[in-house]
Amino acid sequence: DAGVTQSPTHLIKTRGQHVTLRCSPISGHKSVSWYQQVLGQGPQFIFQYYEKEERGRGNFPDRFSARQFPNYSSELNVNALLLGDSALYLCASSTGQGAYGYTFGSGTRLTVV
Amino acid sequence: AQTVTQSQPEMSVQEAETVTLSCTYDTSESDYYLFWYKQPPSRQMILVIRQEAYKQQNATENRFSVNFQKAAKSFSLKISDSQLGDAAMYFCAYRSGGGATNKLIFGTGTLLAVQP
């Protein structure tokens, strides 16, 4: 079975641009969460979606948005990119609400120049 | 708000030896879950072990075990018979047992080096 897949693996954007990151969960997983991991720190929670509904939002500005599609895949969108948005963006999926842990993808490395 | 603290930025262990990584957390909740994740250079976070707060018995997964001290809010990870493949960043994480949002709260990580 395929794991959690994220695309692209790397990308470079210019300040002020927009970016869309994509995530496909493990088949059968209905929950998708997004995390931002800045170099040298632990991941920080951005969003959680379950059954296509937003179930939680972390302390991130409105420039960050996300959605989940009927096939449970998800997109994370970031507008008006800042240098500080440079980070590894991780997607995680779970069958239910994550009591048994989440399965993470390998992430998208975003560099803003 | 819940917090997770890992006070050891780096640790080193000889191959085949045992190492313990420390984690403390702060919460007023009684129902929660604790996790240890491993992040190798490949970047993918891999679940190592999971503990439910209501269970007194410490979780064990092969060479990995935890020492869960609920009153002290401590959750350390013991790796026995360390192998070269254990070298990675290790993160301790907390998840509330209830509520609509089941986010993971991570510590800052411990970088484990395994010496041959």
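Summary of computed values
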item	result
Alpha-carbon centroids, the stretch B:25-102 and the stretch A:25-47: separation in whole Å	17
Protection proxy ranking of A:32-39, A:61-68 - average other beta-carbon atoms within 10 Å, highest first	A:32-39, A:61-68
FRET efficiency estimate (nearest 0.05) - Cβ-Cβ, B:GLN2 to B:LYS55, R0 22 angstrom	0.70
Partners for A:LYS13 among aspartates and glutamates (Cα-Cα distance below 12 Å; same-chain residues under 8 apart left out)	A:ASP85
Partner chain coverage, peptide B:32-44 - average Cβ within 10 angstrom	3
Kirkwood Rh and Cα Rg combined as Rg over Rh, evaluated for chain A	0.95
Reachable aspartates and glutamates, given that their alpha-carbon falls under 17 Å from the alpha-carbon of B:LYS38 and they are not under 8 places away in the same chain	B:GLU10, B:GLU61, B:ASP81, B:ASP86
Given charges at beta-carbon only (K, R positive; D, E negative), |dipole| of the stretch B:61-109 in Debye	280
Local electrostatic count, B:PHE68, Cβ distance below 13 Å [Lys/Arg +1, Asp/Glu -1]	+4
Loop-resident sites, the stretch A:6-36, for trypsin sites (Lys or Arg not before Pro), counting at most 16 other Cβ within 10 Å (DSSP)	A:ARG15, A:LYS30
Most mobile of A:TYR89, A:TYR100, A:TYR49 in a GNM of chain A (Cα contacts under 10 Å)	A:TYR100
22 Å Cα-Cα threshold exceeded, pairs from A:LYS30/B:LYS103; B:LYS70/B:LYS103; A:LYS30/B:LYS55; A:LYS30/B:LYS73; A:LYS30/B:LYS70; A:LYS30/B:LYS78	A:LYS30/B:LYS55; A:LYS30/B:LYS73; A:LYS30/B:LYS70; A:LYS30/B:LYS78
Mean separation of Cα contacts under 8 Å (6+ apart) over length of chain A, as relative contact order %	37
Percentage of interatomic Cα-Cα distances in the stretch B:52-93 larger than 16 Å	41
Stokes-Einstein D in µm²/s, Kirkwood radius over Cα pairs - the stretch B:1-106 at 20 °C with 1.002 mPa s viscosity	151
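Each value in this text was obtained by applying a stated rule to the coordinates, not by laboratory testing. Since the structure is predicted, the reported quantities are computational estimates derived from the model, not experimental observations. No Cβ is skipped: glycine too gets one built from the backbone with ideal geometry, and neighbour counts run over all protein chains shown.
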